[in-house]
Structures are given as structure tokens and as C-alpha cells.
Protein chains: 2
Amino acid sequence: MPTVIQYLLDRLKQLGIRDVFGVPGDFAFPINNAICDDKELHWIGCCNELNAAYAADGYARIKGMSALSTTFGVGELSTLCGIAGSYAEYDLIFHIVGMPKMQAQKRHDIVHHSLGDGESSVFMEMAAPVVCASTMLTPENCVQEVERVIETGLENRRPVYIAIPHDYVNAKISSFNAPARKPVKSDPATLEEVVSIIEGKLSNSKQACIMPGFLVDRFGIKDLAMAVINVSGLPYVTMALDKSVLDETNPSYLGLYMGQLINPEIREFVESCDCILAIGTIPSDVNMGMFTAKLDKSRIINIMPSSVHIGRTDYINVKMLDVLEELTRRLNKRTDIRGPLARRPAIPRVNAEDPITADYLYSKYAEFFKPDDIIVADSTSSFYGLLPLFLPKGVKFQNQILWGAIGWATPASFGTALAAPDRRVILITGEGSHQMTAQEISQFYRYGLKPIIFVLNNQGYLIEKMLSKKLDYCYNDLAEWQYYKLPEVLGRNEWITKKVTTCEELDKVMKELDNAKTGAYIEVVTPKLSAPPLMETIHKNL
Amino acid sequence: MPTVIQYLLDRLKQLGIRDVFGVPGDFAFPINNAICDDKELHWIGCCNELNAAYAADGYARIKGMSALSTTFGVGELSTLCGIAGSYAEYDLIFHIVGMPKMQAQKRHDIVHHSLGDGESSVFMEMAAPVVCASTMLTPENCVQEVERVIETGLENRRPVYIAIPHDYVNAKISSFNAPARKPVKSDPATLEEVVSIIEGKLSNSKQACIMPGFLVDRFGIKDLAMAVINVSGLPYVTMALDKSVLDETNPSYLGLYMGQLINPEIREFVESCDCILAIGTIPSDVNMGMFTAKLDKSRIINIMPSSVHIGRTDYINVKMLDVLEELTRRLNKRTDIRGPLARRPAIPRVNAEDPITADYLYSKYAEFFKPDDIIVADSTSSFYGLLPLFLPKGVKFQNQILWGAIGWATPASFGTALAAPDRRVILITGEGSHQMTAQEISQFYRYGLKPIIFVLNNQGYLIEKMLSKKLDYCYNDLAEWQYYKLPEVLGRNEWITKKVTTCEELDKVMKELDNAKTGAYIEVVTPKLSAPPLMETIHKNL
């Protein structure tokens, strides 16, 4: 019989997991040891647990899942903001937590990392709302519980919490009776009904479009969603959270829909469709253009992972995968519907010595990006600068705009780079966000990764200023850092590190980076209140 | 009628609060604005919310309470490890959280910083186990609820959670009917019974001692506890978590009791007492010398904040304050009991060029400390090096060894320095701990504070190595930083910054610091496995 940890790690390896992010701790030592001792697994140490959770999240967005290990109390609670973000945005993280010995738990020993009351289940309970399954493994329940939480995780693509008492980690499992589990399938009659309705609505609509959502990416069915679009002949738009989910160079792609905040032609087109087929979208405030969107619910179909919403009717027990597969077989191609294309921002004319305005910066990014780049952006003003750009083929735009925890992007870009070592990973973050989690750039060096990092220095939390009517509240100020010197202190001095303040300097460094064989860290200084147009519009709409 | 936020801030100001730690966020803007607009309050921005919580914790340990403000979801969840530590270790933090508008909550709008499900109460529920009271303020309940949570906070000296929906922050309160609240008092009969028993037991004991605990500090009655000791004539010892709670230069102070791990004479004396009067202690694993302590419960009296435990009998509804006051009046002075003093570590003889061993380092710290210093130490090997030292009069040793979240000390020392600008604040941390929260040193500059920071660089998590039988697991390695350069990057270059590797260099820098008028950041390099003797003993006992 294998031990509890062997069984768990073997199953995770079968799912393809090779890296485990985390911070060690004494209650987790037997888990940490087993990971280090396993030749197929790599321990990926992070500076702190929140950063480890963010890194695991970035990794899961590329590989479909990831693993994280922390210790009892202090470790696991530190991850909660990260885990909650992964829950909100459907990233599957297997979070393995080391607990005190079962004997100590039963005796209610007052151990360190506890609240001092001899209770040990409280932290698992605190995490429950932000995971799709949780368990405490024992030699008796190990097989059954591991199978249950893996299945639930794969089904929901959301974090899973797995605690193991210290003395059970290396205990031999005592029962191998796992119940035969069947993957949940669509109910055939509901599936037929749903597909017929969608087919009818799309065939009979005067004007229709498709809105592919981020869940198409998370559930690994981008090709299938693209096939549905191709078969349908319809144009498609994306909302903010869904950016880059499908090819943005496809002639059927119109651009960004964000209510009244941008692209009036697209808004006009989308809001006058009598049928909108959304696939895995969430009508959040940002997606709805801060609720300026005027979408008639009765005209919307949204295919979610395990349900379909048609107007105000909800159909359950139907899987996105099955619905899309049926649609590729049954949709009739419409050749009569064409939408308007969003206007592409032009590069403003500037003089070499001009300061770098937001307008200039984001149009330069648009030039800089290459096919298959992965861009990781924080939920800051940079996000709103990048959002309207049309990205080259195969570019993945990693963002977290639903959960919106600033600071996420720095560790997430580390996880991303580790998951995709052969692709160019570009981190774009603001100084306020970067200060939250900046220490994690030291891991790029440690694990031999070569990202391109742009840190925007505009003297404060610009997004907060723009989200407020009054711009100059003291709480939007930050401690002053010399950002471009960070890599020297936190790593070694092999990267390209620069501070650029003029358009010419920016042009020059972007040319240098174009052929760079090493990592880079560029501090981009812009005027204090230079915000991208979309952010200006949001500010005016307050 | 005042507004909700005016009422709350006025009440906090009446309690003496002048600083509010935090990170701003749009759901909290009206709260952030009100704090910035209030001329008596200062907004203390931190790099991230966990650091802000740690800083608030450090501040509360000096001032008795503190205030913290964060935003919905992302902000509040990021604080949870810090808040849980404050709960475990009895630090009162008023945590003010900005929530979405009540109208949006009622409509179940899917807002950013949510789980995407239209629910908004989930984060308050997640925090519930680590606060002593929580509330969501409305114009109707404001007065009543603010009074309730303040009273509960003061009574329990543990964190309080106060959420305010965005649109209620500046709403006028609609009712001023606060119920008349009476502070909870001791039940007179129980008080009399308890005091009589304690008096009898101490008078009749053959050998007795007092064990003052950290709660004496937290509940602000150190002088009273000292008075009890003086009246009793008994010697006193302290456990790890309780270090420095009372004067360590007093002839009645014997030293550290930590089971079989250190000071055998003290252990022998304490464990052969037939009566031990503990005042506000918690029998945690570290306090009990990793459970090597052999204390017969029937011989122990522990006076807790609202209860007294005598042997196996628990008395409730008796307040620590009342019990101690009665004891000062009624105890008979024992002049017949003297205990052994702990041996004081001597400074080892070294050559100038020798590497800095742990032995040498901690004995040099002992020399370096001055009366009234505040030392802030992480729960790392440094903690175990400092623990056996006898500290000069008035020195406060801030530690967090029950909750034991490494990384706490850096932000906590910032909060401490802000709370005690006229005292010398010395941060002693290890590199692993420091990497967790290092960005917060930038706030010392920003707020004009001048701490002395020692960062121990011994190439990895030494405490984790020492807590494991095998010393060289890969997960105990860290990214390599050039620590001593951090202040230059995160602040300005006015501090004394040095990297010291030999005994001579350490001596020299300590002399320089002795008269320094500025802040200092010293990277102390020691051999990789050079651990303080107490840590060695713990390692051998594994």
C-alpha cells in the first residue's frame, strides 16, 4: 500500500503536475520532504504564501491546473486572497496544507500557528467559501477523498483544499476502495432542447453575434468555441475579462464591447442584436462597462460550464463541451451578418524628448507585441490602456479583472513564465501594484527565467485617482522607490535594466528588447496623471 | 446628526486613535476620504494589506489598540493572516472595511473584488473566527453597533471587524438610541472565593513562584502585576511568549522557564514548586518547551482576563484586574523563598577576522541593547538566540511566537516605530522572514522614522533546518538578495547600511550605531548552520 502523500502526489502527477509552489513550514515538513524527494516533482519556493498562490494561479492559466503547498494557519491564511481570486476566475489549484498531528488535534494541544484555543479545523472552515472542495486526508479516507476532490476540481476548475495531519502524511493508506466515479454528463433531453433553441434563435435572428468568454479558455475548449464561430458565420466581440480568449486577428473579430465606455460602433451593433450567443462569460461590472451596457437579457444566451441560460430560463445538467460540439454539427452558416470593426488607435506623433504619455506608451506596446507572447497585466490603469489593442495571433493576455487584486501580476507572471518557458512573457504592472509583491521578481533569476518587465512609475495609484472624482487624496501616494535598481538587489545584474522618461528612450529600449536574449526590467516614467483614454472616460462617467 | 463614518471616527478618536493603517480601494474611498479629511487623523499607507495588518499589530502592542482600513474582498482577505495573529496574541485592531453599495448588494450585482456570484457577505463570514466582534454598519444601527463592537474589543483586546457599505459611509445616522452599556464586572462572591483560595495556597506553599504572562501587557496592568509580585515576596520567571513583560533587572526575576530546553536550575525550581501563580499565560507548545515542561496542573493557578483557573477548576466572571487589585491588598509577604538565577551567557572569545557565529552575535546584542529599547523579533532562529538574554530596564521585546507568522516583524517594527517615535526600535529578523515583507522598510523613510534593522543572512531558513532532522532539504533555500542594498532602492541613502561578515566588522558597526542619529540597516552574515544554543537543543530533542 502507498502512503497518503504518495497516493496524492502520484495522482497529481498523473494529471500532469510537475511543479509545486509554496513556502515550507514545520507542520508541512513531511509534505515538503515528499515533494523534494520525488524525482518527477519540483519544489518552487516563493517569498511568501500570497505570492505563491498568485504564482500558482498564473501557472494554472497556462497549464490548466497547478499545485501549492503551505503550512497550517499562518501559511494557508496568507494565501486566501490569492485562492479567492482563483475561485472567482476559475483556476484549478490543488492546495495541500500541512496540519498538526491528529493526536495533538484530538488532545487540543495549543500549538504554534493556532489561535491559542486548541482548535485546528477553523482554518479549513475559513477557506471553504473559496474552494470547490475541501478535505482532511486520513489513511482510511485517502483514496476516496483524493478521487472526490480531484473530480470536483476538474469539473469546476476551481481551487481544492487538501489538508493532511503531520502524522498521516507518511502513513500507509488502509483502504483502497474508491467508489467508481463517472464524469457528470449532459442530460440528453435537456441538451437536445437547448441546442434546438439556440439553433432556431440564431437562424431566425435579424442580427446576431457571438461573445466568447474566459471560461472557454479555462475549460480548455478554445478550438471548439472557434469552430462554433466558424460554422455560425457570425462576427464576435469580447468583453474585458475575456480579452484574447480567441484570435484577435480573425476577420470576424470586431473588437472590445464595454457598454458606453468605448467603441460606439460596436456598442451600437451589439446592443441592437436580437440574439447574442455568449459562451462562458460573466456579466460583471467591468465587463458591463461599469454597468453602462444596455443588454436586453431576453436576447442573450449564455453557455456556462454546466448550465445554459437562455433569456430568463436556466437549463441545468448540460455541459458546455456537449453544447458546443452539437452546435458545430447543427448550426447553419449565416453569411448575411457583418459588424463594424473597432477603430485601432494610431501611434501619436511625438518629439524625441517628449515625456511618455499614456497614449504613446500603449500604442508602442501594440507595436512591441509579437505572436504567441504572453502578456500579464495587473488590474490597474495599464489594463485599461492595453484593453483596446488588437493583439497578434496566439497572444495570451493574462488578467484578473474580476477579482482585481492588484499585485497579482508580478508573481502570476513568474508562474506563467515557469509554465511556458519557451514563450516570451511580458509583465506590465504599475508601481502601486508592484510594491505589493515586488520581491517575487527574485524567483525569475533563481529559476532561470527571462521575462520582460515594464513597471509604470507615475507617482501613485493612478487607477485609484481616476476612479475618484477628486484626484489628489493623500492615500494615493506611495513610498518612492528606485524601481529599476530592484533587479540588481534581488537578483543579479545580467538583465537589461533601464529607467525611461522620454519617448526616444522608450523607443530605444523597445528596439533593444526586440532582440534581447536576457530578461529585462524597464521602469517607465510617465506624467503623474497621464491616463489611457478608456480610463479617462471611466473618470468622466463617475 | 453625524454621518456613519463621522460617528465611528469620532469614537475611535475618543479612544486615542490618531493613525489608520491601510491600503485604499474604490469600495473604501469614502472611508479613505474621511480619514484623509480629518485633521486629527493620519492615513498610514502600506505596500500591501497583510503588511498593513502587521504594522497595525505592532502599533497596538505599544498603544493598546490600532486602526486599519482595507477594501472589500481583495483587501480584507489579504489581512487575514495578520488579523488571526492579532486575535491569537490579543491585539485590538479596529478593521474598517469598505463594502459595495447596499443597493448593489441587494440587487446581487456582480462587482469586482467579488467571487462573481453576486454575494457580498461571504468575506465578513470568513473573518468571523479571527475577530471578537463584527458588524456591518447602517444609518439605523450605527450608534448601537459601534458601541457594541468597541466595548467587545476593549473587553477582549482582540480584533474587531467593521464593514460599511459604500453608500452608507456618508449617510446621516437615523437613530441615536444606544443602549446604556455597563462594563462587565467581577461577580463579588466568585472574586472573594478566588482571592481567598489564592491567598491560602500562596501562604501555605512550601515553594512557590509567579509566572507573569503577556496578557498582563496586553490588558495594560503591568504595574499591578509587579505590585502583586512585590507584595508576595515571591520570585518570578517568564515563558517564551511572555519575555520582557516585567522588568528583567529585578532581583526577584530568575529568568526563562522553558521546560527541559534551557536553564536546568530554573526548571528544577519551577517544577518542584507546589504552587505556581501564572497571570495571563497560555500553555502553548513553545511556552512549554516543545512540551518538555513537566508542570502538574493541580499546582497551577492561572489568572486570565475574565476567568481564573485553579488546578482543574475554572472560575468565570472574575476579571484579572479585580483579582490582582485584591491580591495586592491581601497577600502576605513571603521572605523565605528564593530561586536560582539563570546563568547569563558570556561573550565568547574571538579573533577579529573570525566569522560571526550565533554565540557571538547574540551576546553582542545583549551588550548593544539599552534601557527602553523596543526590540521586534521574528519567530525565527534569532528569536531563540534573544530569548535567554537578560534585557535592560524598560526594554520591550515584541515577538509573535504563538501565531509565529514569519515576516511579521518587518512591518510590525514599522508600526512600533510609528507608535513610539521617541524610543529606539530595533528590528531583528532573518532573511527568509524578511523576504516575505521586506518592501515595508520603505515606509520608515516615508514617515521619517529611524529604526535599527539587523537582517541575518545565513543562506536559507535556518529555523526550518533546525526543526527538521535532515538539514539540507531544497525547500529551505532562498533566492539570493543583496540585502544591504535594499534601503538605497526602497528609500534614500541616508541610513547607515552595511554588510558585516567578521566579528570585528560587527563590533565596529555596533559602536557606530551606538551614537547614530539616523536609521540603519545591517546585513549580518553568519556561517550557514550557526544556530543559537537553544535552537541546537531543540534540534537535538527532535
Next item on the list: Enter the Cα centre distance for the pair the range A:314-342 and the range B:508-542, rounded to the nearest angstrom.
Entry: 66 Å
Item checked: Neighbour count of at most 16 Cβ within 10 Å plus DSSP loop: longest GluC sites (Glu not before Pro)-free window in chain B -> B:141-352
Checklist line | Label point 7 Å beyond Cα of B:Ser174 along Cβ direction - residues of the range B:131-153 with amide nitrogen under 17 Å | finding: B:136-146
Item checked: Karplus (6.51, -1.76, 1.60) ³J(HN,Hα), θ = phi - 60°, over the range A:284-301, in Hz, Gly and Pro reported as x -> 7, 4, 5, 4, 8, x, 6, 6, 8, 5, 10, 10, 7, 4, 5, 9, 9, 10
Next item on the list: Classify the range A:18-95 as rounded, prolate or oblate from the Cα gyration tensor: take a ≥ b ≥ c as the square roots of its eigenvalues, call it rounded if a/c is under 1.5, otherwise prolate when a/b beats b/c and oblate if not.
Entry: oblate
Item checked: In sequence order, calculated HN-Hα J values of the range B:479-488 (Karplus, 6.51, -1.76, 1.60; Hz; x Gly/Pro) -> 4, 8, 10, 9, 3, 5, 8, 4, x, 5
Next item on the list: Over the range A:188-330, consider all pairs of different Cα atoms and compute the Kirkwood hydrodynamic radius from their mean reciprocal separation; express it in Å, one decimal.
Entry: 14.9 Å
Check: the range B:385-542: percent of C-alpha pairs farther apart than 23 Å?
Finding: 39 percent
Item checked: Interface burial for A against B (accessible surface, 1.4 Å probe, total of both chains, Å², rounded to 100) -> 6200 Å²
Next item on the list: Distance between Cα centroids, the range B:425-451 to the range B:371-402: provide it in whole Å.
Entry: 16 Å
Notebook entry, point to check: What's the center-to-center distance, using Cα atoms, between the range A:203-281 and the range A:106-172 in Å?
Noted result: 40 Å
Note to self: Just to verify a number: what accessible area does A:Trp43 come out at with the full protein assembly present, 1.4 Å probe, Å² rounded to tens?
What the structure shows: 20 Å²
Check: Expressed as a rounded percentage, what relative contact order does chain A have, with Cα pairs under 8 Å and six or more residues apart?
Finding: 13 percent
Margin query: Classify the range B:1-160 from the C-alpha gyration tensor, please: rounded if a/c falls under 1.5, else prolate or oblate depending on whether a/b exceeds b/c.
Written below: rounded
Check: Given a Förster distance of 60 angstrom, what is the FRET efficiency for A:Arg107 paired with A:Arg330, based on the Cβ-Cβ distance and rounded to 0.05?
Finding: 0.45
Check: Picking from B:Met102, B:Leu391, B:Ala358, whose Cα lies most toward the positive end of the charge dipole for chain B (charges on Cβ: Lys, Arg +1; Asp, Glu -1)?
Finding: B:Leu391
Item checked: Efficiency of FRET from Cβ geometry, A:Asp314 and B:Val231, R₀ 51 Å, rounded to 0.05 -> 0.10
Margin query: Could you derive backbone 3J(HN,Hα) for the range B:374-390 from the dihedral phi with the Karplus parameters 6.51, -1.76 and 1.60 (θ = phi - 60°), listing whole Hz in sequence and x where the residue is Gly or Pro?
Written below: 10, 9, 10, 10, 6, 7, 10, 4, 4, 4, 6, x, 7, 3, x, 5, 8
Notebook entry, point to check: Using a 1.4 Å probe on the protein chains only, how many percent of the accessible area of the range A:188-330 belongs to carbon and sulfur?
Noted result: 51 percent
Check: Give or take rounding to whole Å, what are the principal axis extents of the alpha carbon atoms in chain B, in descending order?
Finding: 69, 62, 43
Next item on the list: For A:Thr497, list long-range residues whose amide hydrogen, built 1.01 Å from N in the peptide plane, is under 5 Å from its own amide hydrogen.
Entry: A:Tyr521
Next item on the list: Report the trypsin sites (Lys or Arg not before Pro) located in the range B:183-212 that are in a DSSP loop and have at most 10 other Cβ atoms inside 10 Å of their Cβ, or state none.
Entry: B:Lys206
Next item on the list: Provide the three semi-axes, in whole Å and in decreasing order, of the ellipsoid equivalent to the range A:476-542 as defined by the square roots of 5 times the Cα gyration tensor eigenvalues.
Entry: 28, 17, 10
Note to self: If each label sits 7 angstrom from Cα along the C-beta direction, how far apart, in nm, is B:Glu494 from its counterparts in the other copies?
What the structure shows: 3.8
Notebook entry, point to check: In nm, to one decimal, how far is the modelled label at A:Asp354 from the one at B:Asp167, with both set 7 Å along Cα→Cβ?
Noted result: 4.3 nm
Margin query: Can you compute log10 of I(q)/I(0) for the protein assembly as shown with the Debye formula, treating each Cα as one identical point scatterer, at q = 0.06 Å⁻¹?
Written below: -0.47
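The values are calculated or read from the model by the stated rules, or taken from the named source; none is laboratory data. Computed from a prediction, not measured in an experiment: that's the story for all the values here. Don't worry about glycine lacking a Cβ; one is built from the backbone with ideal geometry, like all the others, and counts go over all protein chains shown. What goes into the accessible areas is simple: the full protein's heavy atoms, side chains included, and nothing from ligands, DNA or RNA. Shrake-Rupley method; radii C 1.70, N 1.55, O 1.52, S 1.80 Å.
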